[in-house]
1. Kindly indicate which of 47, 53 is buried (at least 18 other Cβ atoms within 10 Å of the Cβ) and at pLDDT below 85.
2. For region 78-88, which residues satisfy the criterion of being free of Cβ contacts under 8 Å to residues at least 60 places away in the same chain and open to solvent by less than 20 Å² (accessible area, probe 1.4 Å)?
3. How many residues, within region 268-308, are within 29 Å of residue 86 (Cβ to Cβ), at pLDDT below 70 and open to solvent by less than 100 Å² (accessible area, probe 1.4 Å)?
4. Among the residues of region 212-228, write down those that are open to solvent by less than 100 Å² (accessible area, probe 1.4 Å) and under 20 Å from residue 112 (Cβ atoms).
5. Is one or more of the residues making up region 179-191 touching a residue at least 40 places away in the same chain (Cβ under 8 Å), surrounded by 10 or more Cβ atoms within 10 Å (Cβ to Cβ) and part of a loop (DSSP other than H, G, I, E, B)?
6. Quickly run through region 89-113 and pick out the residues that are free of Cβ contacts under 8 Å to residues at least 60 places away in the same chain, crowded, with 16+ Cβ neighbours inside 10 Å and farther than 18 Å from residue 255 by Cβ.
7. If we keep just the residues of region 124-139 that are under 30 Å from residue 220 (Cα atoms) and in a loop (DSSP other than H, G, I, E, B), which is most open to solvent (accessible area, probe 1.4 Å)?
8. Taking only region 140-161 into account, find how many residues are of a type outside the set (Asp, Glu) and assigned to a loop (DSSP other than H, G, I, E, B).
Amino acid sequence: FFFFKQKTAYEIAQRLVGSEMCIRDSIKAIGPDFDPKNFGGDTPLLIMFGPDICGSDNKVHVILDHKGKGYLWKKKPQAPNDKLTHIYTLAIYPNETYSVFLDTHPLENGTIAADWEFAIPKEIPDPNDKKPEDFDDRMYVEDTTEKKPADWVDEEFIVDTDAPKPEDWDEVKEGKWAPPKTKNPKYKGPWQQKKIYNSNYKGIWKPKMIPNPQFTGSIIEPYTLGGIGIDVWQTKPGTIFDNIMIADSLDDAFTHAQKVLDNLVAKEKEFKVEDDVIEEAKAKEAREKMQEQMKMQEKMKAQEEVKDEKVGEKEDLQ
């Protein structure tokens, strides 16, 4: 977890987590005014960063504060769900670009302006720019050379000439009788000329872009760090947080991270192989037990059917 505190200084916190089941673990970078005794889910954050793992929906979150409100990262890269320890690193640079690393390897990168909604754009559409009258933005137009066929019937309802006038119709009271209308059996629907490509099509018109007067040259204000917290939501215990590091060099942080990966994770992989063998043995035993139960149920069902047949034969003899 690596971010610039000011334009000329930066700080780093490495993030280490092992997980299984549904779990959302995040490092919170907190401002200088927070009360450590009252830290919780509602504590205002500067940056919130970490994996959100649940079933097949596994992703990495990055939330940035802007004027007291947290904004979600538009991107959702996959977070590994292999029950091994992983180190997540977020770097935000003075030029307002960023990088996300997984186990010291690049995972995502981009600009804050493009990947968070709160960013104030450097340029905006010119509100005074108007579309020229001769600008044709219709991709397809009607073929004016096509004519409606002479036998095309577009009258949906016609007078029912076979309808008889009611014998009790009183024209004095009800007015002159007119036969009702009925569905026209020859009706083909509204006729329309077919569409053809517009040779005058110029594309989708957009106003020209001009400098945004609200853009001050900086999208986010420098964060002043007051503390680091851990926000945890999980359905099963067992997550371990360790090796949280604050330093002044990304290279130093990665050097330390690599030692953790080489030593700890290498051993975890060895144990994981053993655990996988044990888990597979348990799964095999469960499958065999289930098969035995199914065979027993089929046997009992067959015995019941034979018993019912014998009862039926006895009743027939009586």
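1. After applying the criteria, what remains is 53.
2. 79
3. 6
4. Narrowing region 212-228 to residues open to solvent by less than 100 Å² (accessible area, probe 1.4 Å): 212, 215, 217-220, 222-228.
Matches in region 212-228: 212, 215, 217, 218, 219, 220, 222, 223, 224, 225.
5. Taking every residue of region 179-191 in turn, at least one turns out to be touching a residue at least 40 places away in the same chain (Cβ under 8 Å), surrounded by 10 or more Cβ atoms within 10 Å (Cβ to Cβ) and part of a loop (DSSP other than H, G, I, E, B).
6. Correct list: 98, 100, 107, 108.
7. Of everything passing the filter in region 124-139, 128 is most open to solvent (accessible area, probe 1.4 Å).
8. 9
The values are calculated or read from the model by the stated rules, or taken from the named source; none is laboratory data. What you are looking at is a predicted structure, and each value in this text was computed from that prediction instead of being measured. Cβ sites come from the backbone with ideal geometry, for glycine too, and all protein chains shown count toward neighbours. The protein model used for the area step is the full one, side chains on, heavy atoms only, and it has no ligands, DNA or RNA in it. Shrake-Rupley method; radii C 1.70, N 1.55, O 1.52, S 1.80 Å.
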